[in-house]
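Here is the structure we will look at, set down as structure tokens.
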Number of protein chains: 2
Amino acid sequence: MPTISRKGKLTPASPIRKLVPYAEAALKKGVHIYYLNIGQPDIKTPKVALDAVKNNDVNILSYSTSNGSEAYREKLAQYYAENNIHISSDDIIVTTGASEALLFAIACITDPHDEIIIPEPFYANYTSFAIAEGVNVIPIHTGIDSQFSLPKISAFEKVINQKTKAILICNPGNPTGVVYTKEEIRQLKELALKYNLFLIADEVYREFVYDGEIHHSIMSENDMEQNAIMIDSISKRYSMCGARIGCIISKNKVFLSAIMKMAQSRLSPPTYAQIAAEAALQTPKSYFTEVVAEYTKRRNVLVKALKGIDGVTVFKPKGAFYCIVELPVKDTDHFAQWLLEDFQDQQETVMVAPASGFYSTENLGKSQIRIAYVLQQKDLLRSVIILKKGLATYTHLFPNKTLESVPSS
Amino acid sequence: MPTISRKGKLTPASPIRKLVPYAEAALKKGVHIYYLNIGQPDIKTPKVALDAVKNNDVNILSYSTSNGSEAYREKLAQYYAENNIHISSDDIIVTTGASEALLFAIACITDPHDEIIIPEPFYANYTSFAIAEGVNVIPIHTGIDSQFSLPKISAFEKVINQKTKAILICNPGNPTGVVYTKEEIRQLKELALKYNLFLIADEVYREFVYDGEIHHSIMSENDMEQNAIMIDSISKRYSMCGARIGCIISKNKVFLSAIMKMAQSRLSPPTYAQIAAEAALQTPKSYFTEVVAEYTKRRNVLVKALKGIDGVTVFKPKGAFYCIVELPVKDTDHFAQWLLEDFQDQQETVMVAPASGFYSTENLGKSQIRIAYVLQQKDLLRSVIILKKGLATYTHLFPNKTLESVPSS
């Protein structure tokens with residue numbers, strides 16, 4: 001049998017999706033599952049986007065241009081202007097989700113064995129994209145105790161070397177819910193300029209900031225045109241994960257021309273989805289006000305309920321719709337699987353994402369899970385009750401797998 | 001300024017799309033262009049597919065499963081069964097176009113500096129995908145004089161070495177229009193088994209075979225389960241290039257599990273497009289009968305007209321909807337650009353794809369162009385008249401750039 005490649009072997013299974021077979025088995029047994037594991041919002045997609053697709057007048061479903069339809073890119077530039085991000089439609093290349101945008105960006109700026117610095121914990125697929133390009137992720141630790149804020153500049157300088165090509169952040173953060181301050185963004189800019197690095201910001205959760213926090217885009221910073229690469233997507237903004245429409249934005253023309261060649265090689269982003277995306281830009285501001293109010297309530301309910309469980313630590317997220325929760329168990333991979341395989345409370349259980357997949361440093365995050373608060377408040381509350389009961393049973397069944405006090409990572 | 005990567009620099013601009021700026025300039029001057037350069041069919045997408053999207057009842061545009069919706073994969077397996085390809089829905093991973101399928105397949109079976117053998121000329125984006133994975137393409141020459149048929153097995157054996165991981169074919173062929181015989185497929189199978197190689201077949205033009213030719217899929221061959229990887233797409237079959245739905249099919253479970261991890265890393269293929277794709281499978285057989293009849297007529301009209309031009313050689317394609325045409329000029333890159341920039345006949349010109357981009361051997365194909373016969377017969381005839389007049393003017397203006405007799409490549 002011919003063999004598969006190193007990257008074929010090394011690419012990790014999704015920590016968010018790898019429990020799916022256990023979930024399917026639970027469903028077959030008639031167990032209802034509350035899905036806290038995946039960032040698939042239950043918020044309705046804006047009607048204006050849905051209607052645009054229903055009323056489309058396509059007769060031949062053709063390719064679009066490789067960088068995405070011009071009409072969409074022009075309207076998108078207006079959207080950014082309203083968000084204090086001043087770019088032209090030529091600075092945008094539309095991609096098949098932020099996933100493709102990230103893969104293209106990393107491919108375009110790194111050679112095999114180069115390094116990218118990423119604050120940890122981070123979105124698990126960054127690891128897959130790095131492996132795909134033969135690149136090493138150098139994690140910079142951020143902790144639940146310091147609210148996942150960035151460490152001092154010296155922590156970065158300690159790991160920057162000739163192989164370092166970029167710093168990659170997710171802001172607002174998945175899985176942490178951190179929202180970086182203007183000072184933190186300026187610090188990263190300073191590093192990028194001083195060490196001639198790209199600064200890649202995954203800003204797909206731009207709209208999801210709470211308690212009056214303000215999101216600072218790297219594209220709003222001056223004097224960083226050659227270094228700044230913004231990654232975006234409509235998946236979360238308009239609850240359109242299945243569209244698969246994202247984009248890469250940069251004012252660095254050498255970078256963007258190279259991305260354009262990669263975009264040409266895969267011909268075009270999906271056409272129906274671009275129709276939806278263009279229409280979605282007409283979504284009234286009130287949509288976001290309502291969505292943010294709803295997520296704020298969900299977060300508050302969730303965090304309060306979680307704090308009521310003995311031995312549980314939780315950071316109250318400032319943005320996105322995830323939170324990292326530290327549990328009094330030694331291995332949440334085992335615990336999460338057990339919840340699906342062997343536990344139920346009144347024929348119900350929960351599916352959570354073990355956090356180890358969000359860390360590249362070995363053995364970190366093993367007591368943590370990520371919860372996506374994309375369910376209604378009553379379902380979140382019920383989920384926390386199940387989690388609490390599950391923890392109690394698990395502690396009883398596996399005393400050697402549980403912790404007396406919570407470790408700080 | 002931070003620098004871009006080797007692959008960022010090396011990825012070629014699309015030979016099919018790189019002339020776009022000159023076309024745009026011509027359009028601005030009011031010149032009408034006949035597009036012979038791109039495989040975007042003018043055939044209508046089946047109504048059943050268009051209607052399914054118009055009548056969709058999506059309220060939240062969610063991710064699908066990473067390997068594509070189960071309903072779609074099950075119906076797809078039935079379609080293949082009707083085409084003498086017996087696979088199960090579990091052997092399929094739905095991708096964002098054949099482009100992603102090819103990229104994943106190459107990523108999954110090659111490490112940097114490995115080699116893939118491809119009969120030349122070949123689809124230009126194979127080069128981009130190989131560069132993306134750091135892989136070397138080893139071309140096997142096929143010539144217009146021998147109707148682009150495969151050379152003897154010894155020609156392959158001469159280049160096979162320890163770094164060889166796969167043979168990649170496109171059947172029916174883009175850009176040649178070749179349809180491999182059962183003997184040719186068996187010969188490739190023999191090679192794959194003898195040297196423990198993967199055999200990747202890009203079969204996106206399966207339905208487009210003429211004059212009673214029969215398409216032989218590699219998946220219809222026995223005893224090659226661990227070696228065979230089929231790449232497919234609905235882009236050409238249903239004139240749905242903009243859907244961006246393709247798939248990878250293999251019975252090699254180790255290979256497919258690794259592909260699944262890559263599929264998970266980009267979350268899911270586009271959802272609306274899967275609705276269209278699933279419905280498209282209900283397209284009546286008569287659709288293909290009509291389409292094939294139409295392409296046969298177009299091909300006949302085109303080839304006959306081209307043969308009427310002095311110094312032009314053309315292979316009458318047996319499948320797909322492209323043909324390679326050898327012109328009495330030294331550099332079709334220059335000629336194609338000149339047609340757009342400086343030539344017009346009654347305010348009209350043609351856009352063709354210079355063939356050099358379809359060759360990886362340097363200096364091959366420089367006298368050739370690829371014509372996609374995706375226009376109506378009268379437009380094809382008019383295009384050939386423009387091409388003939390253009391050739392006459394070009395010969396007159398640039399005698400040192402034209403050839404007295406046609407070279408054989």
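The values are calculated or read from the model by the stated rules, or taken from the named source; none is laboratory data. The model shown is predicted, which means the values in this text are computed figures rather than measured ones. All Cβ positions, glycine included, derive from the backbone under ideal geometry; neighbour counts span all protein chains shown.
Of the residues in the stretch B:1-22, how many are in contact with a strand residue (DSSP E or B) (Cβ under 6 Å, 6 or more places away or on another chain) and either at pLDDT 95 or above or more than 22 Å from residue B:174 (Cβ to Cβ) (or both)?
1
Would you call residue B:145 charged (D, E, K, R) and touching a Phe, Trp or Tyr at 6+ places or on another chain (Cβ under 9 Å)?
When the stated conditions are applied, residue B:145 passes them.
Taking the stretch A:64-106 only, how many residues are within 11 Å of chain B (Cβ to nearest Cβ), under 14 Å from residue A:259 (Cβ atoms) and of a type outside the set (D, E, K, R)?
Of the residues in the stretch A:64-106, 12 are within 11 Å of chain B (Cβ to nearest Cβ), under 14 Å from residue A:259 (Cβ atoms) and of a type outside the set (D, E, K, R).
Quick check on the stretch B:185-203: of everything there that is farther than 20 Å from residue B:149 by Cβ and of a type in the set (A, V, I, L, M), which residue is surrounded by the most Cβ atoms within 10 Å (Cβ to Cβ)?
B:197
Go through (1) touching a Leu at 6+ places or on another chain (Cβ under 9 Å); (2) at pLDDT 95 or above; (3) outside any helix (DSSP H, G or I) one by one and return the number of the condition residue A:78 breaks.
(3) is the only condition that residue A:78 fails.
Within the stretch A:37-55, how many residues are facing chain B (nearest Cβ under 7 Å) and under 27 Å from residue A:105 (Cβ atoms)?
Qualifying residue count for the region: 2.
Please determine, by comparing only the residues of the stretch A:389-409 that are closer than 20 Å to residue A:19 by Cβ and at pLDDT 95 or above, which one is surrounded by the most Cβ atoms within 10 Å (Cβ to Cβ).
This residue is A:390.
Within the stretch B:187-195, identify whether any single residue is within 14 Å of another protein chain (Cβ to nearest Cβ) and acidic (Asp, Glu), and answer yes or no.
no
Taking the stretch B:107-126 as the search range and keeping residues that are out of contact with any strand residue (DSSP E or B) (no Cβ under 6 Å at 6 or more places or on another chain) and not in a helix (DSSP H, G or I), which one is farthest from the other protein chains (Cβ to nearest Cβ)?
Among residues in the stretch B:107-126 that are out of contact with any strand residue (DSSP E or B) (no Cβ under 6 Å at 6 or more places or on another chain) and not in a helix (DSSP H, G or I), the one farthest from the other protein chains (Cβ to nearest Cβ) is B:121.
Specify which of the listed residues (B:42, B:90) is surrounded by fewer than 23 Cβ atoms within 10 Å (Cβ to Cβ) and not in a loop (DSSP other than H, G, I, E, B). Explain how you work it out, then say what you get.
Details: B:42 fails: not in a loop (DSSP other than H, G, I, E, B).
Criteria check complete, one pass: B:90.
Can you find even one residue in the stretch A:247-255 that is touching a Phe, Trp or Tyr at 6+ places or on another chain (Cβ under 8 Å) and more than 10 Å from chain B (Cβ to nearest Cβ)?
yes
If you check residue A:23 against the conditions, is it under 27 Å from the mean Cα position of the chain (by Cα) and either hydroxyl-bearing (Ser, Thr, Tyr) or assigned to a loop (DSSP other than H, G, I, E, B) (or both)?
No: the conditions fail for residue A:23.
Kindly indicate whether any position in the stretch A:386-402 is among the basic types (Lys, Arg) and part of a loop (DSSP other than H, G, I, E, B).
Looking for residues that are among the basic types (Lys, Arg) and part of a loop (DSSP other than H, G, I, E, B), one finds none in the stretch A:386-402, hence no.
How many residues does the stretch B:181-202 contain that are assigned to a loop (DSSP other than H, G, I, E, B), touching a helix residue (DSSP H, G or I) at 6+ places or on another chain (Cβ under 8 Å) and closer than 30 Å to residue B:37 by Cβ?
Residues meeting the conditions: 0.
The rows are residues; the columns are (1) among the basic types (Lys, Arg); (2) surrounded by fewer than 24 Cβ atoms within 10 Å (Cβ to Cβ); (3) under 27 Å from residue A:268 (Cβ atoms).
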{"residue": "A:207", "(1), (2), (3)": "no, yes, yes"}
{"residue": "A:213", "(1), (2), (3)": "no, yes, no"}
{"residue": "A:217", "(1), (2), (3)": "no, yes, yes"}
{"residue": "A:220", "(1), (2), (3)": "no, yes, no"}
{"residue": "A:223", "(1), (2), (3)": "no, yes, no"}
{"residue": "A:234", "(1), (2), (3)": "no, no, yes"}
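Looking only at the stretch A:306-313, decide whether some residue is assigned to a strand (DSSP E or B), in the same structural domain as residue A:368 (by TED's automatic domain parsing) and of a type in the set (A, V, I, L, M, F, W, C). Spell out the reasoning first.
At the first step, the residues of the stretch A:306-313 found to be assigned to a strand (DSSP E or B) are A:313.
Okay, now just the ones that are also in the same structural domain as residue A:368 (by TED's automatic domain parsing), so A:313.
Next cut, of a type in the set (A, V, I, L, M, F, W, C) only: none.
Taking every residue of the stretch A:306-313 in turn, none turns out to be assigned to a strand (DSSP E or B), in the same structural domain as residue A:368 (by TED's automatic domain parsing) and of a type in the set (A, V, I, L, M, F, W, C).
Is it the case that some residue within the stretch B:56-63 is of a type in the set (D, E, K, R), without any contact (Cβ under 8 Å) to a residue 12 or more places away in the chain and more than 9 Å from chain A (Cβ to nearest Cβ)?
yes
Taking only pairs six or more apart or across chains, which ones have beta-carbon atoms under 9 Å, a first residue in the stretch B:156-167 that is farther than 14 Å from residue B:137 by Cβ, and a second residue that is in a helix (DSSP H, G or I) and at pLDDT below 95?
none
Among the residues of the stretch B:261-278, write down those that are more than 8 Å from every other protein chain (Cβ to nearest Cβ) and farther than 21 Å from residue B:168 by Cβ.
Correct list: B:274, B:275, B:277, B:278.
Does the stretch A:220-236 hold any residues that are within 12 Å of chain B (Cβ to nearest Cβ) and either farther than 19 Å from residue A:107 by Cβ or in contact with a helix residue (DSSP H, G or I) (Cβ under 6 Å, 6 or more places away or on another chain) (or both), and which are they?
Of everything in the stretch A:220-236, those that are within 12 Å of chain B (Cβ to nearest Cβ) and either farther than 19 Å from residue A:107 by Cβ or in contact with a helix residue (DSSP H, G or I) (Cβ under 6 Å, 6 or more places away or on another chain) (or both) turn out to be A:224, A:225, A:227, A:228, A:229, A:233, A:234, A:235, A:236.
Any chance you could count how many residues in the stretch B:135-145 are under 16 Å from residue B:167 (Cα atoms), of a type outside the set (Ser, Thr, Tyr) and touching a residue at least 24 places away in the same chain (Cβ under 8 Å)?
Total meeting the criteria: 6.
Could you list, in sequence order, all residues of the stretch B:131-152 that are among the hydrophobic types (A, V, I, L, M, F, W, C) and either in contact with a Gly (Cβ under 9 Å, 6 or more places away or on another chain) or over 27 Å from residue B:326 (Cα atoms) (or both)?
Across the stretch B:131-152, the qualifying residues are B:131, B:132, B:135, B:148.
Do you know which residues across the stretch B:270-282 are touching a Phe, Trp or Tyr at 6+ places or on another chain (Cβ under 6 Å) and outside any helix (DSSP H, G or I)?
Result: B:281, single match.
Test each condition in (1) within 12 Å of chain B (Cβ to nearest Cβ); (2) free of Cβ contacts under 8 Å to residues at least 40 places away in the same chain; (3) farther than 24 Å from residue A:238 by Cα; (4) not small (Gly, Ala, Ser) for residue A:12 and report the one that comes out false.
Tallying (1) within 12 Å of chain B (Cβ to nearest Cβ); (2) free of Cβ contacts under 8 Å to residues at least 40 places away in the same chain; (3) farther than 24 Å from residue A:238 by Cα; (4) not small (Gly, Ala, Ser), residue A:12 fails exactly one: (2).
So is residue B:58 surrounded by fewer than 22 Cβ atoms within 10 Å (Cβ to Cβ) and of a type in the set (A, V, I, L, M, F, W, C) or not?
When the stated conditions are applied, residue B:58 passes them.
Among the numbered criteria (1) in contact with a Phe, Trp or Tyr (Cβ under 8 Å, 6 or more places away or on another chain); (2) surrounded by fewer than 19 Cβ atoms within 10 Å (Cβ to Cβ), which single criterion is violated by residue A:322?
Result: residue A:322 passes all but (2).
Could you grab me the full set of residues in the stretch B:127-172 that are among the hydrophobic types (A, V, I, L, M, F, W, C), at pLDDT below 95 and part of a loop (DSSP other than H, G, I, E, B)?
B:144
How many of the residues in the stretch A:149-182 are of a type in the set (D, E, K, R) and either touching an Asp or Glu at 6+ places or on another chain (Cβ under 6 Å) or not assigned by TED's automatic domain parsing to the domain that holds residue A:139 (or both)?
Taking the stretch A:149-182 first, the residues of a type in the set (D, E, K, R) are A:152, A:157-158, A:163, A:165, A:182.
This time we only want the ones that are either touching an Asp or Glu at 6+ places or on another chain (Cβ under 6 Å) or not assigned by TED's automatic domain parsing to the domain that holds residue A:139 (or both), so: A:163, A:165.
Qualifying residue count, the stretch A:149-182: 2.
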